[in-house]
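Engineer: Quick one: the structure is below, questions incoming.
The values are calculated or read from the model by the stated rules, or taken from the named source; none is laboratory data. These figures come from a predicted structure and were not determined experimentally. We place every Cβ from the backbone using ideal geometry, glycine too, and count neighbours over all the protein chains shown.
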Amino acid sequence: MESMKIYDTVIIGSGPAGMSAAIYAARAELDFCIIEKSYASGGQVLSTYEVDNYPGLPGLSGGELSDHFKKHCDKLGCPFITADIVDITPGRIAPNGFFNEINPAKEGLDSVNDLIFMLTSTEGEAFLTKTVIAATGASHKKAGIDGEDDFAGVGVSYCATCDGAFFRKKDTAVIGGGDVALEDAIFLSRLCNKVYIIHRRDTFRAAKSLVSKADAIDNIEFVFDSVSKSISGTTNVEALTVKNVINGAERTIPVSGVFIAIGITPATGLFSSLVACDEAGYVIADESGKTSMPGIFAAGDIRRKPLRQIITAAADGANCITSVEGYLTKSF
């Protein structure tokens, strides 16, 4: 390949983590770009009906908050490129200026100070960079029931800590049987009038301590051996219909909110062969964003951590740029 521009860092993903990284990269005067496969920046935030827990900007829709982030980036001249990156290859620049692919695992991580990454898009466009910030996010698993998409953001939610406050003193339902579902129900029980937990089996997969805690809360009701069939309402959610898998009986439960807690899938396909990930697929990295591969940093929902919120994603983006600066100057 002919000699071409080499960025200090390339940020993949333009959600809160990616745009925060871009803002900090611009202020650090790094040579960078932010690559997003969608024409609209914002990530999952775009599908959030209302954001009421981002400091200083209460009550905005997800789209409005994303617009604030994007305008900040534009004010600083952050370069956005629309492309779908499908491959990341580590290598080095040879004396003749050509890119040569290498296998860091065979060469040893101590020898990668001059490591360069080639990013390739679906259209065959290539980008060379000294570092990569993985900010591709994650997506909530859908239940696949009637009405789920129709009421997304107006009664259907995938994040109790994000949206629970909107259902204060109302009846809600949580679909799921793992730790997150039980934790969501316990959290919602402090705000809501009633919380139903819908689970297809007669026992939970969640930790026994969580089950015991939920069982002891008066306004939580377990609905076992039941699958969710449909979510109904007019402009907002009004009811959830469930079916008992033992006897086939259906029950319509009046609720104002349905929280779906059946798992999250991190978008780590690009990086899973390059960096260490946990059993759930999340990139293993601490708050510095440093991964097992020198030069690759993880920010936002792609990273293993206890809390995934807009504010923690933005913090990740800022921390990653500090780590990138240290890596580039070999000062860390």
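Engineer: ALA105 versus (1) without any contact (Cβ under 8 Å) to a residue 12 or more places away in the chain; (2) touching a helix residue (DSSP H, G or I) at 6+ places or on another chain (Cβ under 7 Å): which is the lone unmet condition?
Structural biologist: So ALA105 meets the others, but not (2).
Engineer: Return the residues of region 228-280 that are among the β-branched types (Val, Ile, Thr), under 22 Å from GLY164 (Cα atoms), over 25 Å from the mean Cα position of the chain (by Cα) and part of a loop (DSSP other than H, G, I, E, B); say none if nothing qualifies.
Structural biologist: THR234, THR235, VAL255
Engineer: Restrict the check to region 197-217 and report whether at least one residue is crowded, with 18+ Cβ neighbours inside 10 Å and farther than 26 Å from ALA152 by Cβ.
Structural biologist: Looking through region 197-217, at least one residue is crowded, with 18+ Cβ neighbours inside 10 Å and farther than 26 Å from ALA152 by Cβ.
Engineer: As an exercise: evaluate PHE127 against (1) assigned to a strand (DSSP E or B); (2) at pLDDT 90 or above; (3) surrounded by fewer than 19 Cβ atoms within 10 Å (Cβ to Cβ) and give the number of the one condition it does not meet.
Structural biologist: Against the list (1) assigned to a strand (DSSP E or B); (2) at pLDDT 90 or above; (3) surrounded by fewer than 19 Cβ atoms within 10 Å (Cβ to Cβ), PHE127 comes up short only on (3).
Listed here are the residues, each with its yes/no results for (1) under 17 Å from the mean Cα position of the chain (by Cα); (2) in a loop (DSSP other than H, G, I, E, B); (3) at negative phi; (4) surrounded by 13 or more Cβ atoms within 10 Å (Cβ to Cβ).
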| residue | (1), (2), (3), (4) |
| --- | --- |
| GLU64 | no, no, yes, yes |
| ASP67 | no, no, yes, yes |
| HIS72 | no, no, yes, yes |
| GLY77 | no, yes, no, no |
| ASP87 | no, no, yes, no |
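Engineer: In the set THR131, THR89, which member is under 26 Å from LYS305 (Cα atoms), in the same structural domain as SER61 (by TED's automatic domain parsing) and among the hydroxyl-bearing types (Ser, Thr, Tyr)? Talk me through it step by step, then tell me what you get.
Structural biologist: On the way: THR89 fails: under 26 Å from LYS305 (Cα atoms).
None of the other options fit; the residue is THR131.
Engineer: Next question, about the same structure. So how many residues does region 171-184 have that are of a type in the set (A, V, I, L, M), touching a residue at least 40 places away in the same chain (Cβ under 8 Å) and surrounded by 24 or more Cβ atoms within 10 Å (Cβ to Cβ)?
Structural biologist: Restricting attention to region 171-184, the residues satisfying the condition of being of a type in the set (A, V, I, L, M) are 173-175, 180-182.
When the remaining residues are screened for being touching a residue at least 40 places away in the same chain (Cβ under 8 Å), the result is 173-175, 180-181.
From what is left, the residues that are surrounded by 24 or more Cβ atoms within 10 Å (Cβ to Cβ) are 173-175, 181.
Counting residues in region 171-184 that are of a type in the set (A, V, I, L, M), touching a residue at least 40 places away in the same chain (Cβ under 8 Å) and surrounded by 24 or more Cβ atoms within 10 Å (Cβ to Cβ) gives 4.
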